[in-house]
Amino acid sequence: MWRSIWSVRGPPKLQHFLWSAVKGNFPVKDRLAYRHITHDASCQVCGVERETIFHALLECNAVISFIGDAVRTFATLMWAGWRCRNLAIFENEHPSFVMVVAGFLRMVLDYNSYAQKVFIAAAAGVTTALRSDGWKCPPMGCIKVNTDAHIPAGGMASLGVVFRDVTGVVFAAATRKAHTKVP
Ligand SMILES: [Zn+2]
C-alpha cells in the first residue's frame, strides 16, 4: 500500500494526503465524536449525513458532482483512446489524439446540455403540452423518435434526437454536431 501510494506522481503533499486517507487520520466529526471531543457528528458541509472520512471525500453532495465530472472526463478519454485505436486498425487513420479527445469532450458536453433541457422540459410537463398540441404517444411495444436540427448559416449543424416510450416519458436523448455542406 505504502509503495503504491508513493508511486502516484504528484507533489509529496498529495502522497501524504492519500496516506492519511488510507490510515484514517483525518479529524472528521465522526472521529471527533468517537473520541468525545464533540457530540455532533453531522457533516459540516451538507449537514445531513454523519461526517465519516468516506462521506467527506466521496459521498457528500458537495463533492459528488465534481467526482461525477472527473469520472465522465476519464471515461471520455478512454473512449477517445479506443476510437483512435479502431481508426488505426480498421481505417488506417492516425488522427491527433488531442483532437479526438477535444471532439469527444465537446460531444459529451453538448449531449449533457441538450439532455438536461429535454429532461427538465419533460419533468415540467412540456411533453403533455406537446401531446395536447398533436403529439401522440407511440402504440404499446413501440418507441417514438423525434428529431430536431439547428443549421446556422455556415458552421456546424446541431442535431438532436429524443426517444419516448408508450407513456410519452423521455428515456433517452442524443446530440451530434455535423459539418454542413452547401449544395
Ligand atoms: Zn456532507
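Computed values, structure above
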read-out: Residue in the stretch 71-78 that is touching a Leu at 6+ places or on another chain (Cβ under 6 Å) and either away from the ligand (no atom under 16 Å from the Cβ) or closer than 24 Å to Lys177 by Cα (or both) present; value: yes
read-out: Meets criteria (more than 23 Å from Ile5 (Cα to Cα), within 11 Å of the ligand (Cβ to nearest atom) and either assigned by TED's automatic domain parsing to the domain that holds Leu105 or assigned to a loop (DSSP other than H, G, I, E, B) (or both)) for Cys46; value: yes
read-out: Test: residue in the stretch 50-57 that is touching a Lys or Arg at 6+ places or on another chain (Cβ under 8 Å), open to solvent by 50 Å² or more (accessible area, probe 1.4 Å) and over 30 Å from Asn112 (Cα atoms); value: yes
read-out: Checking Phe74 against (1) in contact with a strand residue (DSSP E or B) (Cβ under 9 Å, 6 or more places away or on another chain); (2) surrounded by fewer than 12 Cβ atoms within 10 Å (Cβ to Cβ), the condition it does not meet; value: (1)
read-out: Subset of the stretch 7-35 (residues that are of a type in the set (Phe, Trp, Tyr) and touching a helix residue (DSSP H, G or I) at 6+ places or on another chain (Cβ under 9 Å)); value: Trp19, Phe26
read-out: Filter result for Ala33 (within 13 Å of the ligand (Cβ to nearest atom) and open to solvent by less than 50 Å² (accessible area, probe 1.4 Å)); value: no
read-out: Residue count, the stretch 123-132 (criterion: touching a helix residue (DSSP H, G or I) at 6+ places or on another chain (Cβ under 9 Å) and either open to solvent by less than 50 Å² (accessible area, probe 1.4 Å) or modelled with pLDDT of 80 or more (or both)); value: 1
read-out: Identity of the residue in the stretch 106-117, out of contact with any strand residue (DSSP E or B) (no Cβ under 8 Å at 6 or more places or on another chain) and open to solvent by less than 60 Å² (accessible area, probe 1.4 Å), that ends up farthest from Asp148 (Cα to Cα); value: Val108
read-out: Of all residues making up the stretch 68-83, the number that are over 14 Å from Leu105 (Cβ atoms) and at pLDDT 90 or above; value: 1
read-out: Checking Arg3 against (1) away from the ligand (no atom under 15 Å from the Cβ); (2) assigned to a helix (DSSP H, G or I); (3) open to solvent by less than 40 Å² (accessible area, probe 1.4 Å), the condition it does not meet; value: (3)
read-out: Odd one out for Cys60, checked against (1) surrounded by 13 or more Cβ atoms within 10 Å (Cβ to Cβ); (2) away from the ligand (no atom under 16 Å from the Cβ); value: (2)
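The values are calculated or read from the model by the stated rules, or taken from the named source; none is laboratory data. Owing to the predicted nature of the structure, the values given are computational and were not obtained by experimental measurement. Note: ideal-geometry Cβ built from the backbone for every residue, glycine included; neighbour counts use all protein chains shown. Protein only, heavy atoms only, side chains kept; ligands, DNA and RNA dropped before computing areas. Shrake-Rupley method; radii C 1.70, N 1.55, O 1.52, S 1.80 Å.
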